[in-house]
Amino acid sequence: MSKKSGVVGSVIEEKRVSNRINRDQTCPMLLRIFVSSGRHNSVNDFSRGRVPGNEFQVHTWMDVTLKELTQLIQVADKETRRKDTYFDFALVFPDTRGTGYRMRDIGSTCSGQKGADDEKTLTSCRFQLGDYLDIAITPPSNRREPATYRRR
């Protein structure tokens, strides 16, 4: 690694640290998470003021990572703690061109493994207040590739 690329790396890391929210001084928000086994909830389940029944509520901050959210779910549900369990995250947000909702894949994590999406934050995924988070939890033996959704 050249000296120049080392400087760029440290500047990027410094900027990332400076973007963190001071959690001691900032009030957390309510995050509504919908968890299902093996696949995401249907977008149609989020219509006309209804939401799926599998809701998990968390008070957190916009800088929470997907890995931190995975750990919160694992604390609440011991069956999700098995190694190689996948957590596929999707944003559910109001469709600006209609009356329903849209869904967009934002990343995945895996129990017992480090992954490329572990450090993604709600902010970096363009989460907005009022959006929902939908998580498909897949046990190790049932893993398939997650579906992709249109970009916002």
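The values are calculated or read from the model by the stated rules, or taken from the named source; none is laboratory data. Small disclaimer: the values here were computed from a predicted structure and weren't measured. We place every Cβ from the backbone using ideal geometry, glycine too, and count neighbours over all the protein chains shown. Ligands, DNA and RNA are excluded from the accessible area calculation, which covers all protein heavy atoms including side chains. Shrake-Rupley method; radii C 1.70, N 1.55, O 1.52, S 1.80 Å.
Please tell me if Thr65 is polar (S, T, N, Q) and within 20 Å of Arg20 (Cα to Cα). Let's see the steps before the verdict.
On the way: polar (S, T, N, Q): yes; within 20 Å of Arg20 (Cα to Cα): yes.
Yes; evaluated as a whole, the condition is true for this residue.
Do you know which of the residues in region 9-51 that are farther than 20 Å from Leu122 by Cβ and surrounded by 12 or more Cβ atoms within 10 Å (Cβ to Cβ) is modelled with the lowest pLDDT?
Looking at the filtered set, the residue picked out is Ser47.
For Thr96, indicate whether it is surrounded by fewer than 16 Cβ atoms within 10 Å (Cβ to Cβ) and either within 28 Å of Ile21 (Cβ to Cβ) or basic (Lys, Arg) (or both). So that I can check it myself, show each step before the final result.
Numbers: surrounded by fewer than 16 Cβ atoms within 10 Å (Cβ to Cβ): yes; either within 28 Å of Ile21 (Cβ to Cβ) or basic (Lys, Arg) (or both): yes.
Answer is yes for this residue.
Which of (1) within 17 Å of the chain's Cα centre (by Cα); (2) open to solvent by 50 Å² or more (accessible area, probe 1.4 Å) does Asp63 not meet, given it meets every other one?
Checking Asp63 against (1) within 17 Å of the chain's Cα centre (by Cα); (2) open to solvent by 50 Å² or more (accessible area, probe 1.4 Å), the one that fails is (2).
Taking only region 105-124 into account, find how many residues are open to solvent by less than 10 Å² (accessible area, probe 1.4 Å) and more than 23 Å from Lys78 (Cβ to Cβ).
Residues in region 105-124 being open to solvent by less than 10 Å² (accessible area, probe 1.4 Å) and more than 23 Å from Lys78 (Cβ to Cβ): 3 in total.
Inside region 46-62, can you point out the residues that are of a type in the set (S, T, N, Q) and either within 24 Å of Ile21 (Cβ to Cβ) or touching a helix residue (DSSP H, G or I) at 6+ places or on another chain (Cβ under 6 Å) (or both)? Can you show your working first?
In the first step, residues of region 46-62 are kept if they are of a type in the set (S, T, N, Q); the result is 47, 54, 57, 60.
Result: Gln57, Thr60.
Restricting attention to region 133-145, does a residue exist that is in contact with a Pro (Cβ under 8 Å, 6 or more places away or on another chain) and either hydroxyl-bearing (Ser, Thr, Tyr) or open to solvent by 10 Å² or more (accessible area, probe 1.4 Å) (or both)?
No: zero hits.
If you go through region 41-100 one residue at a time, how many are among the small types (Gly, Ala, Ser), under 24 Å from Pro139 (Cβ atoms) and in contact (Cβ under 8 Å) with a residue 12 or more places away in the chain?
Going residue by residue through region 41-100, those that are among the small types (Gly, Ala, Ser) are 42, 47, 49, 53, 76, 90, 98, 100.
This time we only want the ones that are under 24 Å from Pro139 (Cβ atoms), so: 42, 53, 76, 90.
Subset that is in contact (Cβ under 8 Å) with a residue 12 or more places away in the chain: 76, 90.
Residues meeting the conditions: 2.
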